[in-house]
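Here, each number is a calculation from the coordinates, and none is a lab measurement. Model, not experiment: these values are computed from the prediction. With ideal geometry, Cβ positions are generated from the backbone for all residues, glycine too; neighbour counts draw on all protein chains shown.
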Amino acid sequence: MFDNPKVFISYSHIDNDYEQKVISFANRLRKEGIDASVDLYEDSPSEGWQCWMENQIANADYVVIINCKSYYDKFYKNQGKGISWEVKIIYQFLYDLGGTIQNLFRCSLMKMMSSIFLHH
């Protein structure tokens, strides 16, 4: 398939401990040869966060959504600007490209409801 697939990780900012788990996951992917990207690697992109997110999603071979109650609430209850923006971009790519969502695993350790892998 891909020698070094590009992956964008979308998640909800909850607290520092949770963000450390997300960055550890991204680092683990990188150690396995996957070009993982997550906002935690960025300070402040020159193009702005909205354009950065859209570019990351557009250039990714896969999008990993670390879906938890916070992620769900921020999107569906309109409690988070970043996630609302990201999910709308992801939905549009799914629609445009006829992509699919696959539920890969459940992880109670990280208090996630599910992890979703999106390939477009």
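Distances between placed amide hydrogens fall under 5 Å for V64 paired with F8, I9, S10, L118, all partners being 5 or more residues away or on another chain. Could you tell me which of rounded, prolate or oblate describes the range 1-85, using a ≥ b ≥ c as the square roots of the eigenvalues of the alpha-carbon gyration tensor, with rounded for a/c under 1.5 and, failing that, prolate when a/b is larger than b/c and oblate otherwise? Since a/c reaches 1.5 and a/b is larger than b/c, the shape of the range 1-85 is classed as prolate. Each residue, Y72 and S46, gets one label point 7 Å from its Cα in the Cβ direction; the gap between the two is 4.1 nm. Among E32, E19, the ranking by other beta carbons within 10 Å of each residue's beta carbon, starting with the fewest, stands as E32, E19.
Computed over the range 9-56, the P(r) tail beyond 12 angstrom holds 64 percent of alpha carbon pairs.
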